[in-house]
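Everything on this sheet refers to the single structure shown next.
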Amino acid sequence: MPQLEVRNISIGINKDGNILEAVKNISFKIDEGEIVGLAGESGSGKTLTALSIPNLLPHAAKITEGEIIFNNISLTGLSENELCKVRGSEISIIFQDVRQALNPLMRAGKQITETLELGGSKDKEKNKKNALNMLSVLGFDEPEKIFDAFPHQLSGGMCQRVLTAIAAIRRPKLLLGDEPSSSLDEESQNRCTSLIRDLNHNHKTSLLIISHDLSVIQELCERFLIMYAGRIIEEGPSEVLFSPLHPYTKALIDAIPVKEKHGKKLKNIPGKAPSIEDKITGCPFAPRCVKVKEKCRAVFPPPVEIDKRRVYCHFPLTGDTHG
């Protein structure tokens, strides 16, 4: 039985009274202690997908269909008070927008210990000790100084690590990381990765990691999900991520700057991703795909199972054949 099961979820955004579909009929599972990566271009629906799990969607967005099951409980059926008991203790999230996620009028340390207090821990001295230890684990040489600082006194990378401390300190069963290391230098990235692995190995914390960096997903995650225009279009074990089946995944990989391509012109994906206002009947990647055929424009492809992978493509890339 999976710890998390997202079943046919669609998310709509209210724009001038019209409900525009931003995430379209997606499904995936995460087992206990599993790390899953979610990748795709900006605007593909990754963040909305993560926010929908603890029901922290923006005011204008809502789940229009489907169900989210966590530990055999339907989260989509819980009241706000019931959800508050789940958030923080069982499901935590590392937000991407660090400046908005932190309270500018509250010291960083207080924001960490407040999380422990909400969980029922009233021992202020112990809470502070736990917070300082977490800050130290995340690479702060002077954790006391960070503990007493306001967010505006910290860099973006420092704030990112404070957010990570807030999300991880109660050792949740499921941690959602929205670009958790994007604003960090290499040493801080390694510290955060080490903490994530510690939670995973020692406490069986499951993770959904959102990242633009496919190499991070391959290194850290057991499975990957690729999103495009609100749909999951490919998924499978991370060790085969760089042997893609979907033309979009291949295009993402080809656009990555690596040492082997030094001095060469990088490939870019032609055209642009569709907006949520576009009416799409077929594959959303069809207008940008070099392998497109008429069928691709007419019908969204059903899932194709190939070597423990699933791809939503009429003409998946297999070996030397490209449909």
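Every read-out reported here was derived from the displayed coordinates using simple, explicitly stated rules and does not represent laboratory data. Everything numeric in this text was worked out from a predicted model, so none of it was measured. Cβ placement follows ideal geometry from the backbone for every residue including glycine, while neighbour counts extend to all protein chains displayed.
Considering only DSSP beta bridges where both residues belong to region 1-142, give the percentage that are antiparallel (nearest 5). Mind showing how you got there, number by number?
Numbers: 19 of 20 bridges.
Roughly 95 percent of the beta bridges in region 1-142 run antiparallel, per DSSP.
Measuring from label point to label point, each 7 Å out along Cα→Cβ, what is the ASN8 to LYS29 span in nm?
Output for this residue pair reads 1.7 nm.
For ASN202 and HIS59 in one chain, what is 0.36 nm times their gap in residues minus the Cα-Cα distance, to one decimal in nm?
Numbers: separation 143, 0.36 × 143 = 51.48 nm, distance 3.63 nm.
Extra length from ASN202 to HIS59 when fully extended: 47.8 nm.
Would you please report the Å³ per residue occupied by the convex hull of the alpha carbon atoms in the chain? Kindly include the intermediate steps, with their values, before the conclusion.
Working: hull volume 50.0 nm³, N = 323.
It is 155 Å³ per residue.
Restricting attention to region 153-245, which chymotrypsin sites (Phe, Trp or Tyr not before Pro) occupy a DSSP loop and are surrounded by at most 16 other Cβ atoms within 10 Å? All intermediate terms of the calculation are to be shown ahead of the outcome.
Working: sites: PHE224, TYR228, PHE242; in loops: PHE242.
In loop regions of region 153-245 (DSSP not H, G, I, E or B), the sparsely surrounded chymotrypsin sites (Phe, Trp or Tyr not before Pro) are PHE242.
Tell me which residues come under 5 Å, amide H to amide H, from LEU207 once H is placed; ignore anything under 5 positions away on its chain.
Close amide H contacts, sequence-distant or interchain: GLU34, ILE35, VAL36, LEU175.
When the chain is modelled as a GNM with alpha-carbon springs shorter than 10 Å, which of GLU125, GLU65, GLU41 fluctuates the most?
Between GLU125, GLU65, GLU41, it is GLU125 that shows the largest mean-square fluctuation.
How much of the DSSP bridge set in the chain is antiparallel, in percent, rounded to the nearest 5? Don't skip to the answer; put the middle values down first.
Working: 32 of 50 bridges.
About 65 percent, rounded to the nearest 5.
For the chain, what is the relative contact order in percent, using Cα pairs closer than 8 Å and at least 6 residues apart in sequence? Walk me through the intermediate numbers first.
On the way: 586 pairs, mean separation 62.3, N = 323.
Relative contact order comes out at 19 percent.
Cross-link list LYS267/LYS295; LYS128/LYS204; LYS29/LYS173; LYS62/LYS110; LYS250/LYS279; LYS265/LYS295: which exceed 21 angstrom alpha carbon to alpha carbon? Don't skip to the end; give the middle numbers.
Working: LYS267/LYS295 26 Å; LYS128/LYS204 25 Å; LYS29/LYS173 14 Å; LYS62/LYS110 31 Å; LYS250/LYS279 25 Å; LYS265/LYS295 32 Å.
Going by Cα-Cα distance, LYS267/LYS295; LYS128/LYS204; LYS62/LYS110; LYS250/LYS279; LYS265/LYS295 fall outside the 21 Å limit.
Evaluate the distance, in nm, between pseudo-label points positioned 7 Å from the Cα of ASP141 and of ASP16 along their respective Cα→Cβ axes.
5.5
So for region 148-271, what percent of the C-alpha to C-alpha distances run longer than 18 Å? Please list the in-between numbers first.
Numbers: 4610 of 7626 pairs.
Here the tail beyond 18 Å accounts for 60 percent of pairs.
Zone of ILE253 (label point 7 Å along Cα→Cβ, backbone N under 20 Å): which residues in region 24-64?
Within reach of a label on ILE253: 36-42.
So which trypsin sites (Lys or Arg not before Pro) in region 223-321 pass both tests, a DSSP loop state and at most 15 other Cβ atoms within 10 Å of the Cβ?
Working: sites: ARG223, ARG231, LYS250, LYS259, LYS261, LYS264, LYS265, LYS267, LYS272, LYS279, ARG288, LYS291, LYS293, LYS295, ARG297, LYS308, ARG309, ARG310; in loops: LYS264, LYS265, LYS267, LYS272, LYS279, LYS291, LYS293, LYS308.
Within region 223-321, the qualifying trypsin sites (Lys or Arg not before Pro) (loop, at most 15 other Cβ atoms within 10 Å) are LYS264, LYS265, LYS267, LYS272, LYS279, LYS293, LYS308.
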